[in-house]
Structure formats: structure tokens, C-alpha cells
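Novice: Handing you a structure now.
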């Protein structure tokens, strides 16, 4: 009351023009319809590298669900189609359900179909099955598929699977045919296909389409689930972009693409779309504020995903770059109230070579979706998301919450208490199907290790462990290679921005090498099927590091590959560091060719690590080198 009286008194003394400015300013406050959300972190990406030089969200697990294969479809989804995109995720009946659409070669080129794969743990996935097959058109040819919504768990417990048929290359508005639905049963089978909504404004109805209306189903529970969904104006706003009908079915119309939403603590709904658009609803989607572009959310034509997380906070996941052709990295920001977001961290920072050429096959991890409100809650506190990589492979990621980037205690990982094939606690895992990373019972069930098993000709396995940031660090681990005549196992120590001052490699010729300044030096030979103990002593202030192998020095006081102020991450990778594709590469350039032998595995190279230790060490007595000398050595 005192504040209100003071404001009233002040207003009586102000000129009308200034009062108008104050009113506009008050309306434009963050959290209102003028600016529904804001990123306040101040950290932005370096677009020249795949991870954006962002710190990783600790413990994130990236796993490939489906690796496209044209010549051996039996190893993928039995289809052999190489455009796979727009995945959706739900959790129901103790299983993850993941839907994605697929075309033979490129985007918006018919025929199109939709597939679903399931998993009980998010790591091991069933072979995808076609749930909505290619649909022949009355005038000839086949339809394509395009959908912004894949699943809906109805109030009666039924799981509805949805998709949309339309004409290529433009399935929207008058080019649409209608939205189809079928029920997923608890035994793993699916019910008949029906239309839940026809594109009647485009001339399609019960008489001229392949599938009947849901109203013709004799399953009363299924009809009830469909009608409840049709009456939900919040959920069905997902359908607007394809439908674009001229009736009053949708509460918001315009060029709004890839809608998602979450409820704030005050009950208001935050709506998010492509191109940094956001709006608010106070009546469960019955009406909306005018969507506005949020200037602090840098994004382009890739999707954004927002949700309340299990720790009662909020998160947004998106590609924080104004580049629709090169969509990397995939990052997360989080906050307490669903309004202000901070701490931009990488959740997927890898861009392997695109194996197959196709229309609109942009580079990077993109079109992210999570589990929408009401569509299930997996066990645990983790956040789960799905996305496509280069629009040809389907991935899923587990993000521990709260998302964090810092470790306070020294690392001492033995892997013995972790379950084989399950989460690798506090490690960032990048695990393609042909290069998996997993805790295994090797050398025994009581003495476990972390395995890297790589047979992918164009990708690699990778695991990263964050330790307390320090200018001086002591790092140790044991390593075992099953072979020494093929494969490559690179070990690096990184700083907070992903710079790589310390680089070792177990190479394909049986040599352990290191980068000393700007030169490759041979440290020792290594034998297959043998455990080796490696220890690194790092002095970032002096720009030097040392290496010992089985207690014997093999490199003393060597200059780092690049100057850094501190180090905080240990990386293991079954391949060379990659810089391509770059921002200068155009994924739509006609000169691109399919990669040779992309569908054939290479000879397996397997590695194991154990007894990983990392933490700060005593500072060196060596004084720091002059800045000019450091700069000359690093080449910066």
C-alpha cells in the first residue's frame, strides 16, 4: 500500500509524455507478454567449433538410436531410407516411445512414412517399425509426412500415436490432407489407422481419403481419447502449422512453427516457437499474447524445446546460432522460474561427416524434442531429449539435472560400483551404434572398466570427465588396447573452452605419441592386450607437462600444444579431432557426394580405461614464461 501511494503521488507530478514512457516500460517487463523469457547468461558460442567452446553439462549421455544404412537396411530400420528427421519422445507403460519421419533421400520429397522404436532404458532400442506407411494419392503418386506432434497420453490412459499426410513439397495449408492417429497397445502392437482431423478446407474428408474417421472405431475408449485430445486447445496448437484451417479450431494463427510449451510456477503457459518466438497464455491455450521475438534467444529455423525439469526448475534446449544450415552445437540453459535462464552448456557438440546427400540435410544435432507435459515421466530425475543428426541418424540424450558444469572434488573413478551397460556417472558419453561406450565387466564383474568399441568408418566413441579446474593438475589412468595395428585412441586434457593443451595418442602403428609444442614425438611402443598406467603432470602457468608410463618418465617438461590458463577436463576418443564440417561449407551445395563404404563397418578397435584420477597438484617452481614466448609457441 505504501508503494502504491508513492507511485500515485509521483504520477501526479510527472508530465503526460513521461507517464506514457513509464507505462510502456512497466508493460515490457521480463516475464510479461512483451518478453516472456530472457537468457541472462552473457555466454555465447564460438561458431567455428562444433561444441561452440561451451562447457559441457556434466554427465550428459548421447546415444545413437538409429544409424541410417542404405545398402544394409537390415542393420538399421529395414527400410534403407537415408533422410530421417523430426523425432518425438514419450514414456508410457514402462517404455520410451520414439517416433520419427523418413523419406528415401531428402526433405519434402515423397514418399514419406513414420516409424516408432521403443526402449525400456533409453539405451537399448528396438528395431523401428513403420506405424504410418506411405499413402497413395487419388490423383497418383504418394504423400509425404510432416508432423509437429507424435504422441499423446490421453486422460483415460490410452497412448495415441499421430502423424500428418500432405502433398510434397508443401504439405501445409491447402497442400495438406489430414492428421492420422492410431493407438499403441500395451502388448507392443498398434490399432487401426484413422484420421483424427481432415484438411477439409483443402477438400479432404471421409469420402476421398484412404483411412476412415476415428468416429467409425468401435472402441469407445479410443474414441473418447481422440475427442478429449480434439478438445484440448493447448495440445492441438502443435497441429497449426500443417493444418492452417480457416475455422476457429486454433486459438493462434500466423507464421508460428514447431510449438512447444510449459507451465510456469504461477500457472501461466509459456509457448515457444522457431525463430526465437515466445508468448503467454493464462487460460490453458484458449488465448495468447501476441508472439514476440526474444532478442536474447539466438536461434534460427531449428526447433527449441522448453520444459519444467524434475528438480522443479526449467530448461530450454536449442541451437544457439543464427544459422539454419549449420545447426550446432545443441545447448541447454536453465533457470528457477521459467522466465530467466542462465548457464549455457553443451549437450551435444559433435558433428560427424554427413554420409548421404539429400535435399535440406543441414549439418548438426537439430529439431530437438523432449517429453511433453502429460506424456509420461521416466524413472529418475533426468531430462530426456531426442533429435536428428545431419537429418539422417536419430539420437537420444539423457541430461542429469540440475545441469552443472563444475566439479569440486578430485576424480577417483574405478567403475566397479557402476552397473554394466547403464549410466556412466558424471561422464559425458558420445556413443554411436558402431562405436559404443559402456561400462563392462572387464577384466571381471568385480573389476570393471569403461569400454570403447569402434568399428565406424566415419565416427568415433568419446568419453569426457570433468575435474576441478586448476592451473596445475595431476591426471592418471590405466589403458588397455586389444590391438596395436589398427584404430586410434586419443587422450587429451582440455581447458574450460575446449582448448587442447595436452594431447596423447595410441596410434595404429603401435606407438604412444604426444604433441610437444608443435611437434609429434614418439614416447614408447605399446603392446595389445596389456594394461598400461599413464600419469600426466600439467603446469598450465609454465605451459609445460610431463608423461610417465608404468612409473617411468617418457616425456619431461614438454611445451604444451597451446597455451591455457587452467585445465578441467580429460577426454578419451577413438579417432582424430575433427573440424569439418565448417561454417563455410554449404550442405546444399551440388558438389556433395555420398561417402564411400559408409554402410560397411571397419575392423573393430577396442580400448578400455580404468582407475581414472584427476585433480590439482602442487604448483611448479618454474616461473611462468613471458607472454610473447607463449604466444609464439601456440600459434594464436
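The values are calculated or read from the model by the stated rules, or taken from the named source; none is laboratory data. Worth saying up front: this structure is predicted, and the values here are computed from it rather than measured. Backbone-built Cβ (ideal geometry, glycine too); neighbour counts: all protein chains shown.
Novice: Part of a loop (DSSP other than H, G, I, E, B), out of contact with any strand residue (DSSP E or B) (no Cβ under 9 Å at 6 or more places or on another chain) and modelled with pLDDT under 95, is that true of residue 246?
Specialist: yes
Novice: If you don't mind, there's one more thing I want to ask. Any idea which residue in the stretch 213-235 is surrounded by the fewest Cβ atoms within 10 Å (Cβ to Cβ), counting only those that are outside any loop (DSSP other than H, G, I, E, B) and without any contact (Cβ under 8 Å) to a residue 40 or more places away in the chain?
Specialist: Per the criteria, the residue is 220.
Novice: Of all the residues that make up the stretch 314-345, how many are within 19 Å of residue 280 (Cα to Cα) and not in a strand (DSSP E or B)?
Specialist: Number of matching residues: 4.
Novice: Right, next: Could you tell me whether the stretch 158-169 includes any residue that is under 21 Å from the mean Cα position of the chain (by Cα) and assigned by TED's automatic domain parsing to the domain that holds residue 204?
Specialist: No, the stretch 158-169 has no match at all.
Novice: Collect the residues in the stretch 479-506 that are farther than 23 Å from residue 50 by Cβ and part of a loop (DSSP other than H, G, I, E, B), keeping them in residue-number order.
Specialist: 482, 483, 484, 485, 486
Okay, residues lined up against (1) surrounded by 24 or more Cβ atoms within 10 Å (Cβ to Cβ); (2) in contact with a helix residue (DSSP H, G or I) (Cβ under 8 Å, 6 or more places away or on another chain); (3) farther than 15 Å from residue 392 by Cα; (4) outside the structural domain of residue 98 (by TED's automatic domain parsing):
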site	(1), (2), (3), (4)
291	no, no, yes, no
305	yes, no, yes, no
309	no, no, yes, no
314	yes, no, yes, no
317	yes, no, yes, no
347	yes, no, yes, no
357	no, no, no, no
360	no, no, no, no
364	yes, no, no, no
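Novice: Of all residues in the stretch 453-497, count the ones that are in contact with a strand residue (DSSP E or B) (Cβ under 7 Å, 6 or more places away or on another chain) and under 21 Å from residue 536 (Cα atoms).
Specialist: 28
Table: residues versus (1) in the same structural domain as residue 168 (by TED's automatic domain parsing); (2) over 21 Å from residue 436 (Cα atoms); (3) at pLDDT below 95.
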site: 5; (1), (2), (3): no, yes, yes
site: 15; (1), (2), (3): no, yes, yes
site: 54; (1), (2), (3): yes, yes, no
site: 60; (1), (2), (3): yes, no, no
site: 68; (1), (2), (3): yes, no, no
site: 71; (1), (2), (3): yes, yes, no
site: 80; (1), (2), (3): yes, yes, no
site: 86; (1), (2), (3): yes, yes, no
site: 92; (1), (2), (3): yes, yes, no
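Novice: Only one of 456, 416, 426 is over 20 Å from residue 530 (Cβ atoms), assigned by TED's automatic domain parsing to the domain that holds residue 545 and buried (at least 21 other Cβ atoms within 10 Å of the Cβ). Can you tell me which?
Specialist: Among 456, 416, 426, only 456 is over 20 Å from residue 530 (Cβ atoms), assigned by TED's automatic domain parsing to the domain that holds residue 545 and buried (at least 21 other Cβ atoms within 10 Å of the Cβ).
Novice: Now for a different question. Can you find a residue in the stretch 284-300 that is without any contact (Cβ under 8 Å) to a residue 60 or more places away in the chain, closer than 20 Å to residue 385 by Cβ and in contact with a strand residue (DSSP E or B) (Cβ under 7 Å, 6 or more places away or on another chain)?
Specialist: yes
Novice: Looking only at the stretch 174-186, decide whether some residue is under 27 Å from the mean Cα position of the chain (by Cα) and assigned to a loop (DSSP other than H, G, I, E, B).
Specialist: no
Novice: Okay, moving on. How many residues does the stretch 252-299 hold that are closer than 25 Å to residue 164 by Cβ, part of a loop (DSSP other than H, G, I, E, B) and within 22 Å of the chain's Cα centre (by Cα)?
Specialist: Qualifying residue count, the stretch 252-299: 8.
Novice: Can you tell me which residue within the stretch 510-543, out of those that are buried (at least 20 other Cβ atoms within 10 Å of the Cβ) and more than 35 Å from the chain's Cα centre (by Cα), is nearest to residue 472 (Cα to Cα)?
Specialist: 542
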